[in-house]
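A quick write-up on the structure given underneath.
The values are calculated or read from the model by the stated rules, or taken from the named source; none is laboratory data. Values in this document were obtained by computation on a predicted structure and should not be read as measured data. Quick reminder, even Gly has a Cβ in these numbers, built from the backbone with ideal geometry, and neighbours come from all protein chains shown.
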Amino acid sequence: MAKQVQQLDRVVIRFAGDSGDGMQLAGDQFTSETAVFGNDLSTLPNFPAEIRAPAGTLPGVSSFQLHFADHEITTPGDAPDVLVAMNPAALKANLPDLPAGRDIIVNSDEFSARNLAKVGYASNPLDNDALDSWRVHKVALTSMTIEALKDTGLGKKEAARAKNMFALGLLSWMYHRPTDGTLRFLEKKFAKLPQVAAANVAAFRAGWNYGETTESFGVSYEIKPAVMKPGVYRNISGNLALSYGLIAASRRSGLPLFLGAYPITPASDILHELSKHKAFGVRTFQAEDEIAGIGAALGAAFGGALAVTTTSGPGLALKSETIGLAVSLELPLVICDIQRGGPSTGLPTKTEQTDLLQAMFGRNGEAPVPIVAAQSPGDCFDAAIEAVRIALTYRTPVFLLSDGYLANGSEPWSIPDLDRLPQLTADFAVATDEPFLPYERDPETLARPWAVPGTAGLEHRIGGLEKADKTGEISYDPANHALMVGLRQSKVDRIAQSIPPLQVDDPSGVARVVVLGWGSTHGVIDAACHRVRRRGIPVAQLHLRHLNPFPADLGGLLRSYDRVVLPELNLGQLALLLRARYLVDVIGINQVSGMPFRAADLEDSLWDILQGVDT
Amino acid sequence: MSLDSVSLDVDLRALAGVPKTEVAQKAKDFKTDQEVRWCPGCGDYVILAAVQGFLPELGLRRENIVFVSGIGCSSRFPYYMNTFGLHSIHGRAPAIASGLAASRPDLSVWVVTGDGDALSIGGNHLIHALRRNVNLTILLFNNRIYGLTKGQYSPTSEIGKITKSTPMGSLDFPFNPVSVALGAEATFVARTIDSDRAHLTSVLRAAAAHEGTALVEIYQNCNIFNDGAFDSLKDPETRGQWLIPLEHDAPIRFGADGSLCVVRRDGDLCVVRTDSVDAAEVVVHDAEADNPSLAFALSRLPGQDLRYTPVGVFRSVRRPTYDRLMADQIAQAELTGDADLGALLRGQDTWTVPATASA
Ligand code: SF4
């Protein structure tokens, strides 16, 4: 039977199932196939904090959304075109997001009376008219997987576990994905369990073949590769890019990388990744707690390492005192905060931008710390290098803000040319004939010397007590304290001089409204701005990498617009800072749901605001 | 019996990676020009003098020695040592020193802490440093009181202690630092007293020679807020009867002419008159025993009044150090692995967009 092939320019697929169903794995693999195929893409993994929430329940549902297209895209998509639902819970939890008329591929085997009851379905929605508004494909995924694997020698229960690969095979057929990568991946992942590897491969092939032969799927789809800037690409997640950025910075600066960390979601993957790269001289120290994680890093910084600590909001709260010490010691230290929903333990696996004010002010005393933020998964690489640059140049702790969405989401990444990475220098102090002054400052940057142990003639003692200017000796003198507070602030302020001029994106050149953003909202703000422009209203877009200090030209730029609109995944934290600093009336669009903005929602909010502006 | 007879073989394996000085050092080389600001008569002075007097023996380059401290009276120590020094924050010195020592095997890293700093606010870091066994020497000045905050009871104060914060007596049971350290898998644990310079020095020597985390509890008199806390161990009248100097591989006898000794009774250690038992019954100290139970039992001997306090090295065993294992893993990875940054960034699956396809 010759099947119809339809051309599409973009698709959003959501895989949804139980936490134990392997949806993240299936999603990741589909993403890899899609990346290698050359589509532009953006992903949104969404999973519960529990490792195995009770099977078949709504809280246990885990999903993975992937948006891919033949053109440049910047968000994981607002709503799925296709929902793959592995059980009644996955169907029920995700149906509200699915517009009418879209496709549902559902594992009909799991719709037993018991599973239906678990999620409060009085009757089977596959048998009544509940799903009439959608195009439903009932697929007996579990039993077909078991059937396909009957010769592998695996028991039914074990065989059934490969049903995610059956689903992946079916979807791979539907969207003409290249399969070599997945087959190679499975062989490698289960190299020590050849039987399991063979079973997964068989399930994947069975899913593909089922698509090809069954009459339930009459159409398959083609989405041409996207036109992208020339280069060599790979798919990369934010935590991976951040880890690579730190390794690259270690290489460029010639300093050994030292990570002191305590496991915390969603930052732990950076610890996992860096611990694999000992060949690059990377030392990872899994400490007894968050405080010891940063303490060990600060100790390593004193010893001349490129020191890093990684955490998320609750961990950052614990690190505050040590960050204050780092401010006082004026040593380079990169603090990566992969933000998640708060307060307290909050929503460990969800995303928010709610730590900005904690990073800015969460310490006793006047303790300024520079802040840089990453704006996309791939951008975590550059943001990490920029954080290191500031830390080394100005001898200061630096915050690198990422979040759960960037950490786990992925996108195609143009692999950078190594020779074009910024040159980073450590410039350790050396002894001279003069007595050594540990707090003598570079006249330009106000940085103090980094005098590492092992250097004869530079023996010195420093600590968290206020220090006398230049000598670093303990001083309780009022005038000296005022001077030192001012110097530490000025040093951070001077970083602004090293920040390149801001680039505003305004294709019309006449926009009267600027949409400002920071961090992971870049992609969705970009999408919303495009849509508003297409509807006929010019808007400018500006995204900030540096949140402390602000770029020198920011104030003038903001004042040059009639309105400044600022979408943030918090209750207005950057808006508060900007209003205080520039007396600019920033209009916030705020969402604190643990989920990223949807482009359509943002478009609507922007549109409403723009209606009140004379453009 | 003299207390300065404590000795273990000092091979400086622990300091093998630390560069040696070519010029002979004197105690004064380790003094700074800072005015020492402890209260006159404080036990900290003698400990400082002992450390400064002993360090030249090690013959290490001054610039390769680092003293790290937390907060408290004792934690001012680094300011008075002409080495590298880091006066950090309350309780965190073991964590900070661990990061430094783990990343710089060429340094001799010392932690100076007190009973409040190490056992109260920093208790977690102390126990983990001990089990981790990074090459560090921790000097815990135990004065059984909070000095710098002006006299509250500490986690080593005897129960019922009347202080500013406990006018009717403290309610919580104290820690025995040696027992804590042994329970935390420490590879080296010793105790000494500020008033006995020779014993203090011999214990420091053994601690410095130890490869791994060494904990030295130093009984230190705070003459302002807890004066005389250890007088029963210093007073010539009681000292001989109450203080038990430990020597590795020697029968544990003490008192005038060894008139008292330690024996085992019903599984417990107890003190009896030496002439009341068979010589073979006297417990022989073994600091190098793999099993820490004898050391632990010895640490439990004294009562709250400090009667029968053992001093010297309780435990000294070899276990690979964290920093060495970490360095070994890195060396091994560097040998077998490929540190090609370009290859790392490219990963397994790449695709190329040719220049002609440019938009
Ligand atoms: S308060 Fe006590 S411990 Fe502190 S310096 Fe004075 S005497 Fe020494």
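Quick notes
- For region A:465-493, the tally of residues that are assigned to a helix (DSSP H, G or I) and among the β-branched types (Val, Ile, Thr) stands at 2.
- Among residues of region B:122-172 being within 16 Å of the ligand (Cβ to nearest atom) and among the β-branched types (Val, Ile, Thr), the one that is farthest from B:Leu204 (Cα to Cα) is B:Thr163.
- Residue list for region A:188-236, filter: within 14 Å of another protein chain (Cβ to nearest Cβ) and touching a helix residue (DSSP H, G or I) at 6+ places or on another chain (Cβ under 6 Å): A:Pro230, A:Asn235
- A:Val532 passes every criterion in (1) surrounded by 20 or more Cβ atoms within 10 Å (Cβ to Cβ); (2) out of contact with any strand residue (DSSP E or B) (no Cβ under 9 Å at 6 or more places or on another chain) apart from (2).
- Enumeration of residues in region A:339-387 that are in contact with a helix residue (DSSP H, G or I) (Cβ under 7 Å, 6 or more places away or on another chain) and assigned to a strand (DSSP E or B): A:Gln339, A:Ile371, A:Val372, A:Ala373
- Contacts under 6 angstrom Cβ, first residue in region B:27-55 being more than 14 Å from every other protein chain (Cβ to nearest Cβ), partner hydroxyl-bearing (Ser, Thr, Tyr) and more than 11 Å from the ligand (Cβ to nearest atom), 6 or more apart: B:Ala50/B:Thr201; B:Phe54/B:Thr201
- Hits in region B:316-330 - residues which are of a type in the set (Val, Ile, Thr) and not in a helix (DSSP H, G or I): B:Val317, B:Thr321
- Any hit, region A:369-383, residues being on the phi > 0 side of the Ramachandran plot, small (Gly, Ala, Ser) and not assigned by TED's automatic domain parsing to the domain that holds A:Ser19: no
- Checking every residue in region B:205-216 against the condition of being more than 14 Å from chain A (Cβ to nearest Cβ), crowded, with 24+ Cβ neighbours inside 10 Å, within 16 Å of the ligand (Cβ to nearest atom) and at negative phi gives zero matches.
- Test: residue in region B:115-127 that is facing chain A (nearest Cβ under 8 Å) and not hydrophobic (A, V, I, L, M, F, W, C): yes
- Residue that is nearest to A:Leu357 (Cα to Cα), among those in region A:287-338 that are of a type in the set (S, T, N, Q) and in a helix (DSSP H, G or I): A:Ser320
- The residue that is nearest to the ligand (Cβ to nearest atom), counting only those in region B:56-66 that are within 12 Å of chain A (Cβ to nearest Cβ) and out of contact with any Phe, Trp or Tyr (no Cβ under 9 Å at 6 or more places or on another chain), is B:Leu60.
- Against the conditions (1) more than 9 Å from chain B (Cβ to nearest Cβ); (2) crowded, with 16+ Cβ neighbours inside 10 Å, A:Arg461 satisfies every one except (1).
- Between B:Ser74, B:Ser88, the distinction of being closer than 22 Å to B:Ala198 by Cβ, among the small types (Gly, Ala, Ser) and surrounded by 24 or more Cβ atoms within 10 Å (Cβ to Cβ) belongs to B:Ser74 only.
- Exactly one residue out of A:Leu168, A:Leu183 is more than 14 Å from chain B (Cβ to nearest Cβ), among the aliphatic types (A, V, I, L, M) and within 21 Å of A:Asp28 (Cβ to Cβ): that is A:Leu168.
- Considering only residues in region A:416-456 that are under 25 Å from the mean Cα position of the chain (by Cα) and surrounded by fewer than 19 Cβ atoms within 10 Å (Cβ to Cβ), the one that is farthest from the other protein chains (Cβ to nearest Cβ) turns out to be A:Pro422.
- Filter pass, B:Leu325 being within 29 Å of B:Ala208 (Cα to Cα) and more than 20 Å from the chain's Cα centre (by Cα): yes
- Odd one out for A:Leu571, checked against (1) in contact with a Gly (Cβ under 9 Å, 6 or more places away or on another chain); (2) buried (at least 17 other Cβ atoms within 10 Å of the Cβ): (2)
- Among residues of region A:204-224 that are of a type in the set (Asp, Glu), those with a beta-carbon under 8 Å from a residue that is part of a strand (DSSP E or B) at least six positions away or on a different chain give the pairs A:Glu222/A:Val5; A:Glu222/A:Gln6; A:Glu222/A:Gln7.
- Only one entry of B:Ala333, B:Ala339, B:Ala287 meets the criterion of being within 9 Å of chain A (Cβ to nearest Cβ), part of a loop (DSSP other than H, G, I, E, B) and closer than 30 Å to B:Ala101 by Cα, and that entry is B:Ala339.
- Residue identified as of a type in the set (Phe, Trp, Tyr) and in contact with a His (Cβ under 8 Å, 6 or more places away or on another chain) among B:Phe173, B:Phe188, B:Phe141: B:Phe188
- Test set (1) in a helix (DSSP H, G or I); (2) within 30 Å of A:Arg252 (Cα to Cα); (3) not basic (Lys, Arg) - B:Asp257 fails condition number: (2)
- With respect to being more than 40 Å from the chain's Cα centre (by Cα) and part of a loop (DSSP other than H, G, I, E, B), B:Asp349 fits the description.
- Selected residue (criterion: nearest to B:Ala327 (Cα to Cα)) from residues of region A:251-274 that are surrounded by fewer than 24 Cβ atoms within 10 Å (Cβ to Cβ) and within 10 Å of chain B (Cβ to nearest Cβ): A:Pro256
- Residue in region B:88-121 that is nearest to B:Asp328 (Cα to Cα), counting only those that are in contact with a strand residue (DSSP E or B) (Cβ under 7 Å, 6 or more places away or on another chain) and within 16 Å of the ligand (Cβ to nearest atom): B:Val112
- When residues of region B:179-223 are limited to those that are of a type in the set (Val, Ile, Thr) and not in a loop (DSSP other than H, G, I, E, B), the one nearest to B:Pro155 (Cα to Cα): B:Val180
- Residues in region A:18-41 that are at positive phi and in contact with a helix residue (DSSP H, G or I) (Cβ under 9 Å, 6 or more places away or on another chain): 1 in all.
- Candidate set from region B:224-240 (those that are in a loop (DSSP other than H, G, I, E, B) and surrounded by fewer than 16 Cβ atoms within 10 Å (Cβ to Cβ)); member that is nearest to the ligand (Cβ to nearest atom): B:Asp227
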